[in-house]
Amino acid sequence: MASSWVDALLSPSPLVLGITVIIALLIPIFLHSFVFRASGLTTLPSILLIGPSGSGKTSLLTLFERGTQAAQTHTSQAPIAVECDLPVGKTASSARYRSEHDPANLTTKKFLLIDTPGHGKLRHHALDNLTNPQNLRGIIFLVDAATLSAGDEGLRQTADYLHDILLILQKRMESSSGKKPKEIPLLVAANKMDLFTALPAALVKSSLEAEITKVRTSRSKGLLDSGIGMEEDGEKDDWLGEVGSKDFKFAQMEEFDVLVELLRYAGSKSPLCPYGLA
């Protein structure tokens, strides 16, 4: 009985040939669907909005969410996360080799934009996202270009906050004993450039670098005066940028695989396309 079934299956009958063709067509389709579903993103990539209060983070968030015009906002008291889509024509780096008709592309075009409070007492929300990143692909540090003139309190507070963020990213790359963690690029967005008192982008960059130099020197002197971090290793761990350098420059962060760029942002139509969505 068994031999008769074997003979029937091996005989070149139209039925056997039809079943073989169907199986040959279904197996690649099944494997294609299974592989893409198994390798799909379980957590959407995220972009973190950070910056002092009043810099325009929540307005930028609503602009990305609506895609037309930013809404009137108020000071945030808690983090806000919205699901956004990549601009038309932009493709995530993880989907560059995918077929145009692959259904997985619908997922790779989405990302989370997370707005964090800028008040000094609420900045732990942003720091938590940095110390425990969940698929974090980039940071947008928004600054108010109209409050960064020399001697302004806004410049001091902005530089102090940016110093802390950069130092966390630097330590994150230095502390890895085995495989280095994935790079998290940082974009400094000079907001409110349409105001008369706003500084040009180049002056925003140089002002922040000069003020961060003061913050770095002050922090280092404070540690020495208190007797903390007297050892060379301890001093190095809390020194931002090139050790022993007189002036801080954003370019020094490249030594620690931390990419820092600065972009002007007038607040009308957003040129801030999220990047690093790998």
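The values are calculated or read from the model by the stated rules, or taken from the named source; none is laboratory data. This structure is a prediction, so every number in the text was calculated from the model and none was measured. Here Cβ is always computed from backbone atoms with ideal geometry, including for glycine, and neighbour counts include all displayed protein chains. For the accessible areas, the whole protein counts, side chains as well, though only heavy atoms, and no ligand, DNA or RNA atoms are used. Shrake-Rupley method; radii C 1.70, N 1.55, O 1.52, S 1.80 Å.
Of note:
- Some residue of region 220-229 being at pLDDT below 90 and either in contact with a strand residue (DSSP E or B) (Cβ under 9 Å, 6 or more places away or on another chain) or within 20 Å of E153 (Cβ to Cβ) (or both): yes
- Any hit, region 162-179, residues being modelled with pLDDT under 90, closer than 18 Å to D257 by Cβ and open to solvent by less than 20 Å² (accessible area, probe 1.4 Å): yes
- Residue satisfying all of: in region 243-256; at pLDDT 90 or above and open to solvent by 50 Å² or more (accessible area, probe 1.4 Å); farthest from I139 (Cα to Cα) among these: K246
- Selection from region 200-213 of residues that are closer than 10 Å to R264 by Cα and of a type in the set (A, V, I, L, M): A201, A202, V204
- Any chance T58 is part of a loop (DSSP other than H, G, I, E, B) and either modelled with pLDDT of 60 or more or exposed (fewer than 11 other Cβ atoms within 10 Å of the Cβ) (or both): no
- Search result, residues across region 110-161 that are of a type in the set (V, I, T) and modelled with pLDDT under 90: I114, T116, T131, T147
- Top-ranked residue of region 148-164 - restricted to ones that are under 20 Å from P200 (Cβ atoms) and free of Cβ contacts under 8 Å to residues at least 40 places away in the same chain, ranked as farthest from the chain's Cα centre (by Cα): G151
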